[in-house]
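One structure is given below, encoded as structure tokens.
The values are calculated or read from the model by the stated rules, or taken from the named source; none is laboratory data. Just so it is clear, the structure is predicted and the values come from calculations on it, not from any experiment. Heads up, the Cβs are rebuilt from the backbone with ideal geometry, glycines too, and the neighbour counts pull from every protein chain shown.
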Amino acid sequence: MSETTERTRVLFILPSLKRAGAEIQTIDLVNGLADEKFEKHLLCFEHETDLLNKIDSNSVVFHHTPRSVKFDWVLACKIGDIIDRYKIEVVHCSLMIALFWGWLGIRHAKKNPPLIAAIHTTTNRNRRADLFDLFVYQWLLRDCSKVVFVCEAQKQYWEQRFPFLMFKSVCIHNGIDTNWFKKKTDNATIKSSFGLPVNNSIVVTQIAAFRPEKGHLILLEAFKLLRNELKDIHLIMAGDGPLKDNVAAKTAEWGLTDCVHLPGSLKDVRPLLSISSTTVIASTAVETFSMAMLESLAMGVPVIATNLGGAREAVIPNKTGYLVKPNDIESLVSALRECLGGNEGNMLGSNGRERVELYFTRKRMLDRYMSLLIDVANQKRSPFQSLTASRNVLRNFFIGLKNKFH
């Protein structure tokens with residue numbers, strides 16, 4: 001057991017530092033853990049470093065070891081070297097591919113630290129990802145001391161898929177700094193910066209990467225229908241991604257270029273949220289517990305979200321926003337009409353901020369994580385346990401392949 005006077009040494013493994021929800025949440029977690037209790041290391045193995053400046057270099061040791069090929073086994077050796085050199089006591093992996101390399105890294109290390117996996121997905125994008133869960137990742141999860149889920153709905157979903165998780169899973173909701181997410185007051189200046197009329201403009205916002213599952217075209221079509229009723233309404237879709245040009249083309253085709261705005265990725269979303277009447281999460285799959293959802297609610301902006309993952313744990317119908325079915329344009333139009341057409345916006349926004357302050361704060365997340373990391377660090381595993389776990393993972397993996405193809 002670690003001495004109480006010593007700091008617990010933790011290695012966090014994150015695939016990349018691209019600007020996305022899981023990455024932002026992990027960096028916020030690493031930065032926020034108490035320096036007097038933890039020696040913090042963060043390792044990334046992809047080339048994207050968009051969020052590098054967000055890492056607190058005074059308290060976090062950053063290791064960037066980009067892999068040269070997809071299956072770069074040298075990466076596992078490098079992770080093992082870091083574990084031994086810094087006497088790492090816990091390895092925490094965010095996202096499944098990080099778990100894969102973290103598990104291999106421990107196999108290459110002389111030390112045998114316990115492993116924590118943080119899962120940020122619920123339903124997968126495709127069948128291929130489902131098969132990887134079945135034949136690869138579930139066996140790695142069996143070797144973890146704990147598996148962290150970011151909302152209760154996600155935890156229940158994974159426990160139904162793999163019942164063994166019930167004995168090692170824990171829910172720690174994503175949390176945000178509510179002191180940071182407060183509305184700005186210079187709305188006229190902000191609206192002007194986005195190319196909006198200063199007065200009498202209603203703003204609907206979507207903050208999401210332009211990927212197929214984020215539902216940009218569904219929201220755009222709903223907005224086109226609503227535009228016939230509310231002439232002073234504007235839609236701002238903030239973000240970048242492979243489908244952005246498609247959305248821009250459809251915007252032009254439908255004659256909406258004067259009221260649909262695509263400002264790209266924003267380093268600070270608070271100005272945009274300050275002028276927003278509602279935020280829409282139009283995702284059709286994958287969504288688990290959206291950071292954009294929490295940020296909007298913390299800013300007092302009601303949220304309209306598809307009923308996926310843990311959205312219903314934060315978006316309470318008619319109290320903090322509205323839930324709609326995925327891919328349902330009519331229900332989305334109805335929710336937008338309800339949210340924008342009356343005087344409920346302020347009440348919904350106030351309730352939303354109150355809910356975040358009660359359940360989804362950064363402090364609450366950090367307190368739960370600090371207890372978890374210390375508890376897991378004190379659960380030392382013997383080399384025999386490690387050897388047995390490795391053997392079982394490999395044996396079950398090949399048995400799964402045999403059963404699948406014979």
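Considering only the range 133-151, I want to know if a residue exists there that is over 24 Å from residue 366 (Cβ atoms) and surrounded by fewer than 16 Cβ atoms within 10 Å (Cβ to Cβ). Yes.
Residues are listed down the side, and each one gets a yes or a no for (1) within 20 Å of residue 331 (Cβ to Cβ); (2) buried (at least 19 other Cβ atoms within 10 Å of the Cβ); (3) not assigned by TED's automatic domain parsing to the domain that holds residue 21:
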{"site": "224", "(1), (2), (3)": "yes, yes, yes"}
{"site": "257", "(1), (2), (3)": "no, no, yes"}
{"site": "274", "(1), (2), (3)": "no, yes, yes"}
{"site": "299", "(1), (2), (3)": "no, yes, yes"}
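Inside the range 339-368, can you point out the residues that are among the hydrophobic types (A, V, I, L, M, F, W, C) and outside any helix (DSSP H, G or I)? Across the range 339-368, the qualifying residue is only 360.
Pull up the range 40-78, narrow it to residues that are of a type in the set (Lys, Arg) and touching a helix residue (DSSP H, G or I) at 6+ places or on another chain (Cβ under 9 Å), then point me to the one that is surrounded by the fewest Cβ atoms within 10 Å (Cβ to Cβ).
54
In the range 236-338, counting only strands (runs of 3 or more DSSP E) that sit wholly within it, the ones holding 2 or more residues that are over 24 Å from residue 177 (Cβ atoms) and among the aliphatic types (A, V, I, L, M) span 260-264, 321-324.
Pairs linking a residue in the range 56-84 that is under 20 Å from residue 114 (Cβ atoms) to a residue that is of a type in the set (Gly, Ala, Ser) and surrounded by 13 or more Cβ atoms within 10 Å (Cβ to Cβ), with Cβ atoms under 7 Å and 6 or more positions apart or on different chains, are 76/105; 79/102; 79/105; 80/105; 80/109; 83/105; 83/109; 84/109. When residue 172 is tested against (1) more than 20 Å from residue 354 (Cα to Cα); (2) surrounded by 12 or more Cβ atoms within 10 Å (Cβ to Cβ), just one condition goes unmet, and that condition is (1). Take the conditions out of contact with any strand residue (DSSP E or B) (no Cβ under 9 Å at 6 or more places or on another chain) and either surrounded by 15 or more Cβ atoms within 10 Å (Cβ to Cβ) or free of Cβ contacts under 8 Å to residues at least 60 places away in the same chain (or both) and apply them to residue 91. Does it pass? No; evaluated as a whole, the condition is false for this residue. In the range 348-366, the residue that is farthest from residue 26 (Cα to Cα) out of those that are in contact (Cβ under 8 Å) with a residue 60 or more places away in the chain and surrounded by fewer than 19 Cβ atoms within 10 Å (Cβ to Cβ) is 357.
The set of residues from the range 226-255 being of a type in the set (A, V, I, L, M, F, W, C) and either surrounded by fewer than 14 Cβ atoms within 10 Å (Cβ to Cβ) or in contact with an Asp or Glu (Cβ under 9 Å, 6 or more places away or on another chain) (or both) comprises 249, 252, 254.
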